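**Q** Sharing a structure here in structure tokens format.
The values are calculated or read from the model by the stated rules, or taken from the named source; none is laboratory data. This one's a predicted model, so the numbers in the text were calculated from it and none came from an experiment. A quick note on method: Cβ atoms are made from the backbone with ideal geometry, for glycine too, and the neighbour counts reach across all protein chains shown. Ligands, DNA and RNA are stripped out before the accessible areas are found, and what is left, the full protein with its side chains, is counted by its heavy atoms. Shrake-Rupley method; radii C 1.70, N 1.55, O 1.52, S 1.80 Å.
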Amino acid sequence: MTGNALTALRFFLWFSCAFHLIVGIGLNLSPAFPQMMAGYYGASVEFTPQFLYILKPLGAFMIMVGLVVMAAARDPLNNGAIIYGLVALLAIRGLQRFAFQDAIVGDLAIESSRNVANGIVFIVLAAIFLGLFKLAEKERSATV
């Protein structure tokens, strides 16, 4: 029987997997997709052919993150290294929002408050993944 934390962890992992795969594939297949994502993030970007090309390797990384997270979603308790890696990635992305605030606001025209909110979301997601993983491990220990 799976516990509540493990069920919630799997849900978040599958969601993360789907998000990364959709974004990665979208960045590689559709020139309109990056523009839609920029709007989602509140960014104002000039989509030159060079910039659109640079997004394709980012898309490849997003696809790989999605596939790796898929492995963790299938068996979270035996893939702790992947979950810790995802936690680190999300925490770094959150901290980047604060460390590069001036460039994000100035170069991408993202409102400061929105940038801070985005940074907080990344850090909260990192905390959720870490907390659920630790709780799921405790649930497993309690049933053994």
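**Q** Over the alpha carbons of region 1-43, what is the largest minus smallest coordinate on each principal axis, giving the biggest first in Å?
**A** 45, 22, 7
**Q** Using the alpha-carbon atoms, what tilt in degrees (0 to 90, nearest 10) does helix 32-41 show relative to the longest principal axis of the chain?
**A** The answer is roughly 70 degrees.
**Q** Using only Cα atoms, find the angle between the long axis of helix 49-74 and the longest principal axis of the chain, and express it within 0 to 90 degrees, rounded to the nearest 10.
**A** Between helix and principal axis, roughly 10 degrees.
**Q** If you average 1/r over all unlike Cα pairs in the chain and invert the result, what Kirkwood radius do you get in angstrom?
**A** Evaluated on the chain, it is 16.4 Å.
**Q** Right, another one. Pairs of Cα atoms under 8 Å, at least six residues apart: use those to get the relative contact order of the chain, whole percent.
**A** 33 percent
**Q** Roughly how many Å² is the accessible area per residue of region 2-133, as a whole number, for a 1.4 Å probe?
**A** 55 Å²
**Q** Output wanted: per-residue J couplings in Hz (rounded whole) for region 85-96, from phi through Karplus 6.51 cos²θ - 1.76 cosθ + 1.60, θ = phi - 60°, x for Gly and Pro.
**A** The phi angles translate into x, 5, 4, 5, 4, 5, 5, 4, 4, x, 5, 4 Hz.
**Q** At 0.36 nm per residue, minus the direct Cα-Cα distance, what do Lys56 and Arg74 gain on full extension? Give it in nm, one decimal, please.
**A** 3.8 nm
**Q** Would you calculate, for the chain, the mean residue ellipticity at 222 nm contributed by helices, counting each DSSP H stretch of 4 or more residues as -39,500 (n - 2.57) and dividing by all residues, to the nearest 500?
**A** Result for the chain: -29000 deg cm²/dmol, rounded to the nearest 500.
**Q** In whole percent, how big is the carbon plus sulfur part of the accessible area of the chain, probe 1.4 Å, protein atoms only?
**A** Whole-percent figure for carbon plus sulfur exposure: 71.
**Q** Now a separate question. Charges on Cβ only, +1 for Lys and Arg, -1 for Asp and Glu, centred on the Cα centroid of the chain; of Met62, Leu89, Ala5, which one is farthest towards the dipole's positive end?
**A** Working it through, the farthest residue towards the positive pole turns out to be Ala5.
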